[in-house]
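Shown next, in structure tokens, is the structure this report addresses.
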């Protein structure tokens, strides 16, 4: 392969999802019920849920499977205190790290990539954050080199995963062509979210 014209490729893919499954149609119905006193919002919510193309969501919060009357995230229905930001971040830290590790390990195994080849780690989170951060925890618990280049992308919304893929492509296009472990964790612990995933993208992939 000509190193002057590097080629990026996805060598491995790993996914991990939380334990609790949410059906999209059922979730939309419960949400519109909770918004019944706000017909405009209910109508928009129903349209968004119908047209987004998602059939199944997963959550680490079992209370979201309850009816609106028993769900503390619908405070106007349940009369229960809404979880504080501190509560939500604690849930995120507890649940996101194991999912990120599982997805990353599956991607590394699927791509047959050695840990010593990983030079960059990009972590993505739509809503959660903690210190020292997901990137630091994954680096330590995966056993990556201490000098790995960690790049956390936080609070970029649903497009964050695509932003991370584009950033990965830009990095591998620069000689000498590092391998990249991309951990994508677009996950909201107090709403609904899509599965975590991890991809490994090396530059010199033809000879593997």
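Structure data summary
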{"read-out": "Rounded to 5, the percent of DSSP beta bridges in the stretch 8-160 classed as antiparallel", "value": "40 percent"}
{"read-out": "Simple spin-label estimate for residue 63 and residue 82 in nanometres, 7 Å along Cα-Cβ", "value": "1.2 nm"}
{"read-out": "Neighbour-count order for 124, 54, 174, fewest beta carbons within 10 angstrom listed first", "value": "174, 54, 124"}
{"read-out": "Order of 20, 58 - criterion: other Cβ atoms within 10 Å of each residue's Cβ, fewest first", "value": "20, 58"}
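A short reminder: the numbers here are calculations on the coordinates, not readings from a lab. All values derive from a computational prediction rather than experimental measurement. Backbone-built Cβ (ideal geometry, glycine too); neighbour counts: all protein chains shown.
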